[in-house]
Every structure is written in C-alpha cells, then in structure tokens.
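To start, the structure under review is shown below, and the notes come after it.
The values are calculated or read from the model by the stated rules, or taken from the named source; none is laboratory data. In this text the structure is predicted, and so the values were computed from the model without any measurement. No Cβ is skipped: glycine too gets one built from the backbone with ideal geometry, and neighbour counts run over all protein chains shown.
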C-alpha cells in the first residue's frame, strides 16, 4: 500500500470510528425523545449513519485494509475508543437538564456540533482523496457529507420548536415531555448492558489484537488517557490509590507502562490533581524504545535485543532504568553495547 493510500485509509478509519460512536448516541437520544418531527429526524439519521459506516467499511475493504494488520489494528482501536466515548456519554445525556424538554433541546444542540464535525471530517476526506487522485473515495466522502449537511439543516429547523417547548414547560407550567412514553429508563438499562457486552467482546478480542494495535505510535497513550478519564480506583494498576499519599504514589509509578501512566495521569487530574504526582508522571512518560515495547516480557525484549542493534540497546537501557528496571533486560543491553 502506497503512502497516499495509507493516508486515505487513516482518514477513512477516523470517519468510520465517528460513525460507530454516533450510532450509540443516536440510539440513546431517540429513546428519550417524544414522538414527533425531531424524533423522526433522529430515526432517519440513525439509518443513514449505519449505512455510512457500511459504505466506509466496503471502501476500506476495496483499498485492501483487511490485508494490512497494522491498518486493521488502527481501525479496530479507533472504533473501540469511539464506542467507549459514546457509552460513557449516554447516561449523562439521559439525565442532564432540569426537565425533559430541556434535555431534548441540549441533545439537539449537541447534534448540531456533531454534524458540523462530521461535515468537516468528510470535507477533509474528500479533498485528500482528490489530491491523491482517488476519485472513488472522494465521491463517497462528498455523498456522505451531503447527508450530514442535510441533517444539520433539519436539526437547526427543530431548535426553535424545541426551545418553545422549554418555554412552555419551564416558564409557563405546561410540560409536554412524558418520560414514560420515551423509553429513556429502558435506554439507560440498555446502555449499561451494551457497555458490559462491548467490554466483554473487547476483552476477548484484545487477547489477539491488543498488542498489534498498540504497535501503532500513540494508540497506547490515547487508550490510557481515555480509560483514565472514566476509570474508578479499582481500574488502576496501583492498588488502593485513593488512600495513598503523594509520596506513596511516587514510589509505585516507576514500574508502570506508558498506557498505565496515561491512565493514572487522567485519573489524578480528574480527582486529587496533585502537582507532585503529575510532575513525576510527566518525567516518566515518553516514547517506548519501539511501539508495543511495554507489551513485551523480558524474554521477548531480549530476543529483539539479540539482533545486535547497538542504538536500540541503548534506548532500551535508558528506558528500563527509568521504568521497569528489569535486571535481565538491563544485563542484555549492557552486554550488547559492550560487544558493539
């Protein structure tokens, strides 16, 4: 696959991840929206969004992504992260706002922002594709962008009506929103169940694909940041984290992988936000000697070091000294550099 094709595939993977995440959000918003023109608009766009995802998948297949394990891993990682975002956001969407009418209005305003982002995404895909003479992808992006522009226009037409409903309910005491008729409570339960199902599937699939995905620079760090933002104390690699002093945490950071450091960083910022902890994490975070390094055990690292690359051995030595400090790896790096 050429460099230009790889860039097109990257952009298509980003668009595909966005569509999958949007499916989750639309399902939740439909469940809490009373019957009427706005709900019909959402239902129509849910069908369009699923079709967009299907068409992008087909184009990715035509470009040969299925034969490229690194590109496939990147696509899987992006899709998984998009669904994590959507599932984490769903319960918040369902309960924010003072009344049902205002909840729906807030969701509609979010929908406008989402559609604007989708339009920008497909505009970029279209222009990239034309720049590299990929007319098929360019036409696909233009077609989907047109759908997104129409959806934005439809939602914008609904905003005044939804605002009027808020005025009637909040200021005139004439509510129109009946939660029992929207299925919002069922949506919460369904979202929770879906989150569990997605997690189980992700864990199963991760056994064979996680290492491959994390070989792509930046994926592990992004995964850690996202997981940390929604993590509980029990999800962290440091046991009983919330009860530890800053000094206790500092002693335990050294052995963490880059993904674990990113996770702790996001969790710490969300909670205690201690400058000493965040500062130490900052000094430890950095590029692995090679993408996917933190996924390897000492024997696997030593097998790579056995190839005799002195520069690589030096990078591993410096990284190990600052992080896991595994004696077997340190010994191998010293032997390889002394023999060079």
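Matching residues to (1) at pLDDT 85 or above; (2) in a loop (DSSP other than H, G, I, E, B); (3) over 30 Å from residue 313 (Cβ atoms); (4) in the same structural domain as residue 31 (by TED's automatic domain parsing):
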residue: 192; (1), (2), (3), (4): no, no, yes, yes
residue: 196; (1), (2), (3), (4): no, no, yes, yes
residue: 209; (1), (2), (3), (4): no, no, no, no
residue: 212; (1), (2), (3), (4): no, no, no, no
residue: 250; (1), (2), (3), (4): yes, no, no, no
residue: 262; (1), (2), (3), (4): yes, no, no, no
residue: 269; (1), (2), (3), (4): yes, no, yes, no
residue: 280; (1), (2), (3), (4): yes, no, no, no
Fill in: Residue under evaluation residue 125, criteria (1) in contact with a helix residue (DSSP H, G or I) (Cβ under 7 Å, 6 or more places away or on another chain); (2) over 27 Å from residue 33 (Cβ atoms); (3) modelled with pLDDT under 90, criterion not met
(3)
Item to complete: Just name the residue that is surrounded by the fewest Cβ atoms within 10 Å (Cβ to Cβ) out of those in region 234-245 that are more than 29 Å from residue 317 (Cβ to Cβ) and at pLDDT 90 or above.
Response: 243
Worksheet item: Somewhere in region 320-334, is a residue within 26 Å of residue 232 (Cβ to Cβ), in the same structural domain as residue 231 (by TED's automatic domain parsing) and not in a helix (DSSP H, G or I)?
Response: no
Worksheet item: In this structure, is residue 170 over 19 Å from residue 46 (Cβ atoms), modelled with pLDDT of 95 or more and assigned by TED's automatic domain parsing to the domain that holds residue 55?
Response: no
